[in-house]
Structures are given as structure tokens and as C-alpha cells.
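Presented below is the structure to which this report refers.
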Amino acid sequence: MTARETLSADELKPIPEKELYKRYRPVTPAGYEDPAEERRYRKERLAAALRLFARFGFDEGVAGHISARDPEFPNYFWVNPFAVPFAQVNVSNLVLVDEHGSVVKGGYPVNKAAFVIHGCIHEARPEVVAAAHAHSMYGKALSATDQHIEALTQDACVFYQDHAVFDDYTGLVEDLEEGRRLARTLGTNKALILRNHGLLTVGKSVDSAAYWFIAAERSAQAQLVAKAAGRTREIDPEYAKLTYDQSGMDEGGWVQFQPLFEYIAREEPDLFD
């Protein structure tokens, strides 16, 4: 039985916002002077993102990968090991790949498509720290139609005029020129629909790239469900743009990822091994 809670009028005073935020971890990305600390941070977030992707059912056999640029050697990136389930990825089994696709650290091979896609994106977009791609159900379904992510919901507005469509499926992405075309199509956008393939997102942190992928998948789901239910109504362009300006910045994606990180860190602490 819980204790009876009483309140007095003297207690009912506004708590300063700074005091409230002391109860939580920082709500802005931490800055690191030591690249080793930054590397550990990125690898922890990478492992956490992959565990979350497993929880959300985004894994499909050996398909799917998330990459994180190394803070000290920016032409190299960390990625999940080939054929290891997302649910079993941890910090210690992540693999470091150089600019030629060779594994330089880690005891596993990598998916060739992971190097081709992510390597070309990291080369074309030096500000991008992470990229996420998976064969999630609703992303695949949307990619098999002639649709883009429409501004049907508030959450979908983070992609308003900030995603592109790679409208040319030619099989597995194993050729560097194909990877470069994909990167050119992505341009400066945060998300890409790969026609008949799935979704890809990028961010200035692992946190934002992972959250944008989750948001894109859920936006695809909401859009497909809404269209199956009946006629849809898009948000007025003026307000879609306003909502994008309010929530579509990279820092917004970082913040949105934090409760997901806290959840998976508590539920699956072995991801830090």
C-alpha cells in the first residue's frame, strides 16, 4: 500500500526550468576534447540504435546497417558486423572499415553494400556522422509505390522538402558508381527513399540518423494506413514548413532519440559490453 501524499499551498510553486533539467542527462549533444571518449560515445549509440532496430522489427536477414564516422580518422567508419543479428550487436563487436572497404578493426566481415552505400555517403557529406539503412516493412512498402513521404501528420513534417527518391532499382548496391549516384540523389537531404528497396537516413550524430529512420518508417506506416482508410488531407504547405522549422533540425532528431536510448540502455545493458 502506498503512503498517503499530502500537499500544502506553500509547496505549489513553479519549479525553475533549470532545476527540472538537472534530473535528466544533458538535452544537447556532449562535446568531447578526447577523440577516444567521442569514439566510445558514438559506438555506444550505434550499438543502442541497432538494438532498437531489432526491437522495432527492422532487421531482415543480413540486410541493414548503421554506420558511424570515426572522430579521429574521419575517412573510416564503424558499422555492424555482417550476419550478426541486430539484437546481438554490442560495442565490442562493431567493425571499423577504411575508405577502401577493408576491415581494419574487428573480427567480422562487413556487408559489401554497407561499404558501398555508407562509404559513398560519408565521402560526399563530410558533415554527416552517421547513416542508417534497413529493410523495414513500411519503408519497403512505400518504396514500392510512386509516393514520397507526404505531410499528412505532424511527425512527417520533419521530412518536408528534406527527402529525395532514388528512383532506379538495379539490384543489390555493390558497385561504387551506384553508391555515388545514390549519394548524389540524397544531396543535402536527411532521408532517401530507395525505390523498391527501403529507406535511408543520415544525421550529424548517430542519435539523429537513427531517430530519423524510425520517424521515416513510422511516417510511411501512417501514410499507408491513412490512404487505405480513405481520402487523405495534407497539412497546408505554410504550416508544414513551419513545423519542419520547429522540429526538423538535426538537434531535434538528437533530442528525440534520448528517451529511446535511455529505454534500451536499461533494458539491454549488455549492449555496452
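The values are calculated or read from the model by the stated rules, or taken from the named source; none is laboratory data. This structure is a prediction, so every number in the text was calculated from the model and none was measured. Backbone-built Cβ (ideal geometry, glycine too); neighbour counts: all protein chains shown.
Quick rundown of the values:
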item	result
Residue among Gly106, Gly31, Gly64 that alone is over 30 Å from Gly198 (Cα atoms) and either touching a Leu at 6+ places or on another chain (Cβ under 6 Å) or not polar (S, T, N, Q) (or both)	Gly31
Residues that are of a type outside the set (Val, Ile, Thr), in contact with a Ser or Thr (Cβ under 8 Å, 6 or more places away or on another chain) and over 12 Å from Trp254 (Cα atoms), drawn from segment 184-212	Lys190, Ala191, Leu192, Leu194, Arg195, Asn196, His197, Gly198, Leu199
Any hit, segment 103-110, residues being modelled with pLDDT of 95 or more, touching a strand residue (DSSP E or B) at 6+ places or on another chain (Cβ under 9 Å) and either of a type in the set (Gly, Ala, Ser) or surrounded by 22 or more Cβ atoms within 10 Å (Cβ to Cβ) (or both)	no
Verdict on Arg218 being of a type in the set (D, E, K, R) and modelled with pLDDT of 95 or more	yes
Count of segment 80-102 residues which are surrounded by fewer than 18 Cβ atoms within 10 Å (Cβ to Cβ), over 23 Å from Arg55 (Cβ atoms) and of a type outside the set (Gly, Ala, Ser)	3
In segment 209-224, the residues that are of a type outside the set (Val, Ile, Thr) and either within 17 Å of Leu50 (Cα to Cα) or crowded, with 24+ Cβ neighbours inside 10 Å (or both)	Ala209, Ala210, Tyr211, Trp212, Phe213, Ala215, Ala216, Glu217, Arg218, Ser219, Ala220
Any hit, segment 187-208, residues being surrounded by 13 or more Cβ atoms within 10 Å (Cβ to Cβ), outside any loop (DSSP other than H, G, I, E, B) and free of Cβ contacts under 8 Å to residues at least 12 places away in the same chain	no
Members of segment 225-258 that are within 19 Å of the chain's Cα centre (by Cα) and either of a type in the set (Gly, Ala, Ser) or within 19 Å of Arg51 (Cβ to Cβ) (or both)	Ser247, Gly248, Gly252, Gly253, Trp254, Gln256, Phe257, Gln258
Per-region count, segment 166-185, residues buried (at least 16 other Cβ atoms within 10 Å of the Cβ) and either closer than 11 Å to Ala113 by Cα or touching a strand residue (DSSP E or B) at 6+ places or on another chain (Cβ under 8 Å) (or both)	7
Segment 30-49, residues that are assigned to a helix (DSSP H, G or I), free of Cβ contacts under 8 Å to residues at least 40 places away in the same chain and surrounded by fewer than 18 Cβ atoms within 10 Å (Cβ to Cβ)	Pro35, Ala36, Glu37, Glu38
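Table: residues versus (1) at pLDDT 95 or above; (2) more than 14 Å from the chain's Cα centre (by Cα); (3) part of a helix (DSSP H, G or I).
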{"site": "Arg51", "(1), (2), (3)": "yes, no, yes"}
{"site": "Phe58", "(1), (2), (3)": "yes, no, no"}
{"site": "Ser67", "(1), (2), (3)": "yes, no, no"}
{"site": "Pro71", "(1), (2), (3)": "yes, yes, no"}
{"site": "Pro81", "(1), (2), (3)": "yes, yes, no"}
{"site": "Ala87", "(1), (2), (3)": "yes, yes, yes"}
